Amino acid sequence: MPDAPHPERVPVGVDPTRASIARVYDAFLGGDDNYEIDREVMNGVLKVAPEASDMANENRGFLIRACRFLAYQTGVTQYLDCGSGLPTAENVHQVVQRFHPEARVIYVDNDPVVLAHGRALLEENEFTHFISADIFNPREILENEVVRKHLDFSEPVAFFHFGTLHHYEGARDQPAKLMQDYIDALPSGSYVGITHFLDPENEDSDTARKMEHMFRHSPMGSGTFRTMSEIEELFDGLEVLEPGVTICADWWPDGPRLKELNVAQRCIAGGVARKPKRLATVQTPQ
């Protein structure tokens, strides 16, 4: 008789019957750290947008380019990455520590698989840490003892929400409000990087809305596509760097575009912005 198939190994604390944002993203990137329920979500989205995996790849490419830019050109050596996802090639710490070996990086996630893989990966990296926290609860993160121990909030911090805010399920304007809480806590001179599913409000909108329906009505239950103006609101009060908030593929690409973008690539946008220095209050003579 042929051997029975081996069951998928499931770490303690993981429910393989519930889809995970991190594992679905891993599936879209072609990774191995996902389960049948996660692939079910991916396959549902691929039915309405066969090139949807390119959204995940564009998001990853944006992250790498943004980290490389910040580490090389700004001198920032403190990084706080919300919703880090499963470790893959070219993580934040690997990019920035290539320029600054002692750059401090804190990853935030609450997926047990992410935490298990991440902590194992970083056992020998004393400047990089993982914490388990709700990325949609600014106070929980900003008051975390590991964050406060390893990041100096009197100096600039690079703060990331890459591919995360579209998974917030609540009031449509709430992500902008919670981002404001983060922005208010960051010191002047800090940088904020965000990517988000985009409704382009053109001929691609139909596909964007079909993907949104599949994400939100799947076992994962989240994935809102916001308009460009709604995504720009996430950077309120910041100085957005050129080329502004744009589709990810157009944010300082690594070379000239040799082929046309597909609809999935046109449905994810992002930007990087700087928190300006506070202006001194001018006292009016009496």
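What follows draws every value from the coordinates through simple rules; no lab data is involved. Here the structure is a predicted model, which is why all the values come from computation and not from measurement. Glycine gets a Cβ as well: all are built from the backbone with ideal geometry, and neighbour counts include every protein chain shown.
Across the chain, the relative contact order, built from alpha-carbon pairs under 8 Å that are at least six residues apart, equals 19 percent.
Backbone N atoms of region 132-152 closer than 16 Å to the 7 Å Cα→Cβ label point of D181 belong to residues 133-145. Our note on the geometry: Cα centres of region 52-105 and region 186-251, 18 Å apart. Between 0 and 90 degrees, the angle of helix 205-216 with respect to the longest Cα principal axis of the chain falls at about 70 degrees. Projected onto their three principal axes, the Cα atoms of region 180-286 cover extents of 61, 37, 22 Å, largest first. Here are a few candidate values for Rg and Dmax of the Cα atoms in Å: (i) 19.4, 96; (ii) 23.1, 75; (iii) 18.3, 66. Which one was actually calculated from the structure I just gave you? Entry (i).
If you plug the beta carbon distance of D152 and V240 into 1/(1 + (r/R0)^6) with R0 = 22 Å, you get a FRET efficiency near 0.30.
Computed on region 16-76, with alpha-carbon pairs under 8 angstrom and 6+ residues apart, the relative contact order is 26 percent. Of M220, M228, the sequence from fewest to most neighbouring Cβ atoms within 10 angstrom is M228, M220. Full extension of the segment from I64 to E124, taken as 0.36 nm per residue of separation minus the current Cα-Cα distance, would add 19.4 nm. Over region 70-203, the pair-distance histogram of Cα-Cα distances with 10 Å bins from zero comes to 11, 44, 34, 9, 1 percent, rounded to whole numbers.
For the chain, the Cβ-based charge dipole about the Cα centre amounts to some 480 debye (Lys, Arg positive; Asp, Glu negative; other atoms uncharged).
For helix 174-185, what angle does its Cα long axis make with the longest principal axis of the chain, in degrees from 0 to 90 and rounded to 10? Computed tilt is about 40 degrees.
Scoring 16-29, 38-51, 118-131 by mean Cβ neighbours within 10 Å over their residues and listing the highest first yields 16-29, 38-51, 118-131.
Students often get this wrong: which residues of region 220-246 have the backbone nitrogen under 19 Å from the point 7 angstrom along Cα-to-C-beta of S188? Residues passing the 19 Å test: 236-241. Each DSSP beta bridge with both residues in the chain is either parallel or antiparallel, and the antiparallel ones are about 35%.
Which lysines does K277 reach when only Cα atoms under 23 Å apart count, and residues fewer than 8 places away in its own chain are ignored? Straight-distance partners of K277: K177.
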